[in-house]
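Below is one structure, written out as structure tokens; comments come after it.
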Amino acid sequence: MVYESTRGSESGLTFSQVIKKGIAEDGGLFVPSTDVQITEEQLKQMVSMSYQDRAVMVLKQFAEDFSEEDFRDCVEKAYSQERFDTEEIAPVKVLSDSLSVLELWHGPTCAFKDMALQILPHFMTKSMKKTGETENIMILVATSGDTGKAALEGFRDVEGTKVAVYFPLEGVSEVQKRQMITQEGKNVDVVAIKGNFDDAQSGVKNIFADPEMAKALADKGYKFSSANSINWGRLLPQIIYYFSAYADLVKKEQIAFGEKINFVVPTGNFGDILAGYYAKKMGLPVNKLICASNTNNVLFDFLCTGTYNKNREFVKTISPAMDILISSNVERLLYDVTGRNAAKVKAWMEDLKNSGVYTVDKQTFRALQEIFWTAWTNEEEIMETISDTYKGFDYLIDTHTAVAVDVYDKYMISTGDLTKTVIVSTASPFKFNNSVAAAVFGEEKVAGKSEFALLEDLSEGTGWQIPKGLKGLDQKPVLHNTVAEKDEMKSALLGLLVK
Ligand SMILES: *Cc1c(COP(=O)(O)O)cnc(C)c1O
């Protein structure tokens, strides 16, 4: 398997090379150059396999420079009992005859980013060895909450790497902030920025582009890389759980082998649902992929009209991980749906950059409509859905998962489709406990309470256990208290280099 850029000017790269590079030099994203298939026989074998074995089965199709043993080593380190609070890693909970939930939040940070960020560091260190890399890797992350903590947990104490995370001081929840500033590990640094997420992100981009910083890093034997979802190493591990969910449903006798199912995915940067698209292309029996948006419904509009328009107000919602107007991974989708037409993709991405808008051709639009169904959910509907799901199924969901559940209701009303469906659940309800507790107990019961008090309340009131990663968070010692002005990000990073 070799990889190429969606904008056409790089090809023939190995898996190791694309993991290390993260993004192509022409600004495109790396994708496999040929289609990958999982045979019916392989899918059948997966039914009786562990998550780890299913993972190896999928991963080994995507690299020639990684042996099966290499992948097994990565998988065993990443998806271990120490890191995940269930042996199943990504369990499927059956709610009714037709509806199940794929829980992707049993990792150390209680959100689905762990599924990829637990294994990416192991891909990275092996890729460095295989390419004869003599320098260490410095991972820079600007985060609005979930990615930062997942990257810190994933890369902590990973040989040959350091990780620096920048978060907006006022822009993350109390739980998310605590998760980051109490982070342990010899190679990690966390800096709060006096500014918003955009300030943190522009600061990181400036550091990446600064020749002086590159030199300072090189002098210490480091080079930059990225851990966000433009890296193929973030996307590939997500394909596994679509296969795993299918295999589990067969195993639980919820579906017959070969029967098609739907997935509903709460979507932001289009990384999660794109992995579902790849799984379908690889031969997984999928009927519809249902793209669930929140109030920032740029993807809903795109899939309904064929026009992507980011020129709109950015709304802060109670499902903040989906508050995004530029969904980077749509580029990979368009490349594939157009039959790898780099010229088209490049032109659309240039339109997006220059005017904030692009419109795909009719054929591409029709292909998208064939694959996806879409709807969006407002704030009140999210709260109602959390409450209804708890009452109806005795099952707690977070605000992001609620978007998916509500969109599924809309899908059922609109289509009457009885195909068995899996809701992709992206965060533990305890991670966004403020909204969840308000939805379940009523606003008046949460007013004035801290998120840490609400963790306890939610657990006592529902009988659900607080996940290990969030327990006692307010008692943990603060290890990172650097607060930097926007223009102090560089000096903060230089400080980390000599640490
Ligand atoms: C990141 C995230 C999402 C969105 O995932 P994408 O891959 O960006 O579409 C949804 N829910 C939660 C909880 C997340 O952390």
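Being outside any loop (DSSP other than H, G, I, E, B), within 16 Å of the ligand (Cβ to nearest atom), of a type outside the set (A, V, I, L, M) and over 30 Å from Gly171 (Cα atoms) narrows it down to one of Tyr278, Tyr308, so name that one.
Result: Tyr278 is the single residue among Tyr278, Tyr308 that is outside any loop (DSSP other than H, G, I, E, B), within 16 Å of the ligand (Cβ to nearest atom), of a type outside the set (A, V, I, L, M) and over 30 Å from Gly171 (Cα atoms).
Yes or no, residue by residue, for (1) in contact (Cβ under 8 Å) with a residue 12 or more places away in the chain; (2) within 22 Å of the chain's Cα centre (by Cα):
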| position | (1), (2) |
| --- | --- |
| Lys391 | no, no |
| Val407 | yes, yes |
| Pro429 | yes, yes |
| Ala447 | no, no |
| Phe452 | yes, no |
| Gly469 | yes, yes |
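Could you go through the range 204-218 and let me know if any residue there is away from the ligand (no atom under 13 Å from the Cβ), under 23 Å from Pro320 (Cβ atoms) and basic (Lys, Arg).
yes
With respect to Val264, is the statement that it is closer than 20 Å to Phe432 by Cβ and more than 10 Å from the ligand (Cβ to nearest atom) true?
Yes.
Might you let me know whether the range 323-332 holds any residue that is more than 23 Å from Asn228 (Cα to Cα) and not in a helix (DSSP H, G or I)?
No, the range 323-332 contains no residue that is more than 23 Å from Asn228 (Cα to Cα) and not in a helix (DSSP H, G or I).
Criterion first (at pLDDT below 90, buried (at least 23 other Cβ atoms within 10 Å of the Cβ) and in contact with a Phe, Trp or Tyr (Cβ under 9 Å, 6 or more places away or on another chain)) does Gly233 satisfy it?
When the stated conditions are applied, Gly233 does not pass them.
Conditions (1) at pLDDT below 95; (2) under 19 Å from Gly276 (Cα atoms); (3) touching a Cys at 6+ places or on another chain (Cβ under 9 Å), marked per residue:
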position	(1), (2), (3)
Arg54	no, yes, no
Met57	no, yes, no
Phe62	no, yes, no
Arg72	no, no, no
Gln81	yes, no, no
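Could you pull out the residue among Thr385, Thr399, Thr389, Thr364 that is over 30 Å from Gly461 (Cβ atoms) and among the polar types (S, T, N, Q)?
One residue alone meets the criteria, Thr364.
Between Phe155, Phe167, Phe208, which is out of contact with any helix residue (DSSP H, G or I) (no Cβ under 6 Å at 6 or more places or on another chain) and aromatic (Phe, Trp, Tyr)?
Sole residue among the options that is out of contact with any helix residue (DSSP H, G or I) (no Cβ under 6 Å at 6 or more places or on another chain) and aromatic (Phe, Trp, Tyr): Phe208.
Just checking: which of the helices (runs of 4 or more DSSP H) contained wholly in the range 60-140 hold 1 or more residues that are within 16 Å of the ligand (Cβ to nearest atom)?
In the range 60-140, 113-117, 120-130 are the helices (runs of 4 or more DSSP H) which contain 1 or more residues that are within 16 Å of the ligand (Cβ to nearest atom).
Could you check how many residues of the range 465-499 are of a type in the set (Gly, Ala, Ser), within 30 Å of Phe84 (Cβ to Cβ) and surrounded by 14 or more Cβ atoms within 10 Å (Cβ to Cβ)?
Going through the range 465-499 one residue at a time, the tally reaches 1.
Just to check your reading of the model, which residue among Leu235, Leu249 is under 26 Å from Ala402 (Cα atoms), assigned to a helix (DSSP H, G or I) and within 13 Å of the ligand (Cβ to nearest atom)?
Leu235
Of all residues in the range 214-229, count the ones that are in a loop (DSSP other than H, G, I, E, B) and either among the polar types (S, T, N, Q) or surrounded by fewer than 22 Cβ atoms within 10 Å (Cβ to Cβ) (or both).
Qualifying residue count, the range 214-229: 4.
Based on what the data block shows, is Glu153 out of contact with any strand residue (DSSP E or B) (no Cβ under 7 Å at 6 or more places or on another chain) and farther than 22 Å from Pro477 by Cβ?
no
Is it the case that Glu350 is closer than 27 Å to Thr34 by Cα and either within 14 Å of the ligand (Cβ to nearest atom) or free of Cβ contacts under 8 Å to residues at least 24 places away in the same chain (or both)?
It is true that Glu350 is closer than 27 Å to Thr34 by Cα and either within 14 Å of the ligand (Cβ to nearest atom) or free of Cβ contacts under 8 Å to residues at least 24 places away in the same chain (or both).
Please go through the range 404-434 and give me each residue that is basic (Lys, Arg), away from the ligand (no atom under 12 Å from the Cβ) and not in a helix (DSSP H, G or I), ordered by number.
Answer for the range 404-434, where residues must be basic (Lys, Arg), away from the ligand (no atom under 12 Å from the Cβ) and not in a helix (DSSP H, G or I): just Lys420.
So, in the range 27-60, of the ones that are surrounded by fewer than 17 Cβ atoms within 10 Å (Cβ to Cβ), of a type in the set (D, E, K, R) and touching a residue at least 60 places away in the same chain (Cβ under 8 Å), which residue ends up nearest to Pro121 (Cα to Cα)?
It comes out as Asp35.
Which condition does Ser328 not pass, out of (1) in contact with a helix residue (DSSP H, G or I) (Cβ under 6 Å, 6 or more places away or on another chain); (2) more than 29 Å from Val94 (Cβ to Cβ); (3) of a type outside the set (Val, Ile, Thr), if it passes all the others?
(1)
Answer with yes or no whether Thr374 is at pLDDT 95 or above, closer than 26 Å to Gln176 by Cα and surrounded by 22 or more Cβ atoms within 10 Å (Cβ to Cβ).
It is false that Thr374 is at pLDDT 95 or above, closer than 26 Å to Gln176 by Cα and surrounded by 22 or more Cβ atoms within 10 Å (Cβ to Cβ).
Taking the conditions exactly as written (touching a strand residue (DSSP E or B) at 6+ places or on another chain (Cβ under 9 Å), outside any helix (DSSP H, G or I), within 16 Å of the ligand (Cβ to nearest atom) and modelled with pLDDT of 95 or more), does Thr401 satisfy them or not?
no
Can you pull out the residues in the range 16-53 that are of a type outside the set (A, V, I, L, M), within 19 Å of Phe243 (Cβ to Cβ) and in a helix (DSSP H, G or I)?
Glu40, Glu41, Gln42, Lys44, Gln45, Tyr51, Gln52, Asp53
Given (1) among the β-branched types (Val, Ile, Thr); (2) buried (at least 19 other Cβ atoms within 10 Å of the Cβ); (3) away from the ligand (no atom under 16 Å from the Cβ); (4) under 25 Å from Asp248 (Cβ atoms), where does Thr462 come up short, assuming only one miss?
Just one mismatch for Thr462, condition (2).
Do you know which residues across the range 156-177 are buried (at least 20 other Cβ atoms within 10 Å of the Cβ) and assigned to a helix (DSSP H, G or I)?
Val175, Gln176, Lys177
The values are calculated or read from the model by the stated rules, or taken from the named source; none is laboratory data. These numbers come from a predicted model, not from an experiment. All Cβ positions, even for glycine, are placed from backbone atoms using ideal geometry, and neighbour counts span all protein chains on display.
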